[in-house]
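Chemist: Here it is: the structure, laid out below.
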Amino acid sequence: MPSLKDLKNRIASVKATQKITKAMKMVAAAKLRRAQEAAEAARPYSQRMGAVLANIAQAVGSDDSAPRLMTGTGKDDVHLLIVCTAERGLCGGFNSQIARFARDHARKLLAAGKTVKIFCVGKKGYDSLRREFAANIVERTDLREVKRVAFENADTIGRKVISMFDKGEFDVATLFYSEFKSVISQVPTAQQLIPAAAPEVAVASGASAVYEYEPDAGAILSDLIPRNISVQIFRALLENVAGEMGAKMSAMDNATRNAGEMINKLTLSYNRQRQAQITKELIEIISGAEAL
């Protein structure tokens, strides 16, 4: 049984931890609002970019002028998995869910006889995946020094991916991130980047509009698809930041409440042991007085 001094020290230690988790919860809550606004603001642009891409892709069809980023190499032997996670922990299962989702996808590809290469964006994803796929990790990008994610960071990653594709290092590229739904819900998501998977365009009732492109549609796609890749990566990074802050806020709230429960239990044990010790001392005093 621990002594009164040990219990007192432990109570003080848990109280100090509770102060830290409470402060981290408040910081995450402050950052969450900005991150959520940024992620929600990026969604319409990303979706509209996809719609424009789909319209032009329909005009091109299977024409020879279509860029390779849209048509692909004609094979799917080598897959590049771009896994985006956070740089720091203490956010519950946020990072592990993305890494697990990417790991399961990689295992399926390997079981099908495909070659898997991994591009890690974020320290936690790299730390998790290197245990099993260290030989498959071909590129790594850290954003620890970046205080606020900007489009330039995503564009740098996008240019690296396109450069790898131009060198023939892979056939299919898939982006993994966590889509922010709410503070307690972040959904791991996979999105194919290369070949560019243009979303389906809803056909409106009545006559459809006919567009003429200047320059030709193939030239527009050659410029639009690389930008769309950077835009989708940027959206993924923003979704991850919002999801990380939401998960961290939830995790720190749980940790603060758990610390409070532990403090109550330790305080109860401390009071009981102190009461028992006082009772014992009183009995010894009374027994000594009666002996005299």
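The values are calculated or read from the model by the stated rules, or taken from the named source; none is laboratory data. Here the structure is a predicted model, which means the values were calculated and not measured. Quick reminder, even Gly has a Cβ in these numbers, built from the backbone with ideal geometry, and neighbours come from all protein chains shown. Please note that ligands, DNA and RNA were not included when accessible areas were found on the heavy atoms of the full protein model with its side chains. Shrake-Rupley method; radii C 1.70, N 1.55, O 1.52, S 1.80 Å.
Chemist: Looking at (1) in a helix (DSSP H, G or I); (2) among the polar types (S, T, N, Q); (3) at pLDDT 85 or above, can you tell me which one Ser287 breaks?
Modeler: The failed condition is (3).
Chemist: Is the stretch 53-76 home to any residue that is open to solvent by 30 Å² or more (accessible area, probe 1.4 Å), among the hydrophobic types (A, V, I, L, M, F, W, C) and not in a helix (DSSP H, G or I)?
Modeler: no
Chemist: Under the condition of being aromatic (Phe, Trp, Tyr) and farther than 18 Å from Gly246 by Cβ, which residue from the stretch 82-126 is modelled with the lowest pLDDT?
Modeler: Checked the stretch 82-126; the qualifying residue modelled with the lowest pLDDT is Tyr126.
Chemist: Would you confirm whether or not the stretch 210-218 contains a residue that is open to solvent by less than 20 Å² (accessible area, probe 1.4 Å), out of contact with any Cys (no Cβ under 9 Å at 6 or more places or on another chain) and either at pLDDT below 85 or under 30 Å from Arg68 (Cβ atoms) (or both)?
Modeler: The answer is yes, given that some residue of the stretch 210-218 is open to solvent by less than 20 Å² (accessible area, probe 1.4 Å), out of contact with any Cys (no Cβ under 9 Å at 6 or more places or on another chain) and either at pLDDT below 85 or under 30 Å from Arg68 (Cβ atoms) (or both).
Chemist: Restricting attention to the stretch 160-179, which residues are hydroxyl-bearing (Ser, Thr, Tyr) and surrounded by 18 or more Cβ atoms within 10 Å (Cβ to Cβ)?
Modeler: Scanning the stretch 160-179 gives Thr174, Tyr177, Ser178.
Chemist: Please determine, by comparing only the residues of the stretch 77-108 that are among the acidic types (Asp, Glu) and without any contact (Cβ under 8 Å) to a residue 60 or more places away in the chain, which one is surrounded by the fewest Cβ atoms within 10 Å (Cβ to Cβ).
Modeler: Ranking the qualifying residues of the stretch 77-108, first place goes to Asp104.
Chemist: Can you give me the number of residues within the stretch 74-104 that are of a type in the set (Gly, Ala, Ser) and under 25 Å from Lys167 (Cβ atoms)?
Modeler: 2
Chemist: Is it true that some residue in the stretch 245-268 is of a type outside the set (S, T, N, Q), open to solvent by 40 Å² or more (accessible area, probe 1.4 Å) and within 20 Å of the chain's Cα centre (by Cα)?
Modeler: yes
Chemist: Which residue is farthest from Thr115 (Cα to Cα), if the candidates are limited to the stretch 132-159 and must be of a type in the set (Val, Ile, Thr) and open to solvent by less than 40 Å² (accessible area, probe 1.4 Å)? Can you show your working first?
Modeler: At the first step, the residues of the stretch 132-159 found to be of a type in the set (Val, Ile, Thr) are 137-138, 141, 146, 149, 156-157.
The next check asks that each one be open to solvent by less than 40 Å² (accessible area, probe 1.4 Å); those that pass are 137, 141, 149, 157.
Details: Ile137: 12, Thr141: 21, Val149: 31, Ile157: 21 Å.
Among them, the one singled out is Val149.
Chemist: What number of residues within the stretch 269-292 are under 10 Å from Leu7 (Cβ atoms) and either open to solvent by less than 60 Å² (accessible area, probe 1.4 Å) or touching a residue at least 12 places away in the same chain (Cβ under 8 Å) (or both)?
Modeler: Residues in the stretch 269-292 being under 10 Å from Leu7 (Cβ atoms) and either open to solvent by less than 60 Å² (accessible area, probe 1.4 Å) or touching a residue at least 12 places away in the same chain (Cβ under 8 Å) (or both): 4 in total.
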